[in-house]
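Below is one structure, written out as structure tokens; comments come after it.
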Amino acid sequence: MNNRIDAIYARQSVDKKDSISIESQIEFCKYELKGGNCKEYKDKGYSGKNTERPQFQQLMRDIESGLVRKVVVYKLDRISRSILDFAKMMDFFQKYEVEFVSSTEKFDTSTPKSSYRQKDFSLLVNNAQVEHNSPSHFDRLYSIALIPKAFAIWAA
């Protein structure tokens, strides 16, 4: 397992002037990796509202095969906008001993005592979901109620 690679995942749903390009996301993540070798997974034209993205699915298969040591993203919402999908992904990463780093939020599971508390984690992921959707009042309350459970799955 010492020959595992670092992976960069980048996603851009549509080209917009205020949207960071996949290329820029990758360069930012490479800086985080301090120039080490890595494999790039790019999903252009796909939403982060679910995990039905070709390169994301390939990344998950590569993790399951034991090829990936660490996944780096530019921002949490590039890999997932769903609280539950994110919690499942973190559980999957933990199962395969894969570290996860979000460059801009400085979320890093590789540190023994990550500086992120449950409240911080919840706010970041919930913000990514709420920014994209305009859920009803009930959906918002339901999502907020699930945050502690989602974090418990990841942290256990």
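The values are calculated or read from the model by the stated rules, or taken from the named source; none is laboratory data. Fair warning: this is a prediction, and the values are worked out from it, not measured in the lab. Positions of Cβ are backbone-derived with ideal geometry, glycine not excepted, and every protein chain shown enters the neighbour counts.
Values for this structure:
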| quantity | calculated |
| --- | --- |
| Extreme residue, nearest to residue 66 (Cα to Cα), among residues of segment 85-102 that are aliphatic (A, V, I, L, M) and not in a helix (DSSP H, G or I) | 98 |
| Qualifying residue in segment 24-47 (condition: within 17 Å of residue 86 (Cα to Cα), at pLDDT below 95 and either in a loop (DSSP other than H, G, I, E, B) or in contact with a Gly (Cβ under 9 Å, 6 or more places away or on another chain) (or both)) | yes |
| Meets criteria (farther than 21 Å from residue 21 by Cα, hydroxyl-bearing (Ser, Thr, Tyr), buried (at least 16 other Cβ atoms within 10 Å of the Cβ) and modelled with pLDDT under 90) for residue 143 | yes |
| Residue under evaluation residue 53, criteria (1) modelled with pLDDT of 95 or more; (2) touching a strand residue (DSSP E or B) at 6+ places or on another chain (Cβ under 8 Å); (3) under 12 Å from residue 7 (Cα atoms), criterion not met | (3) |
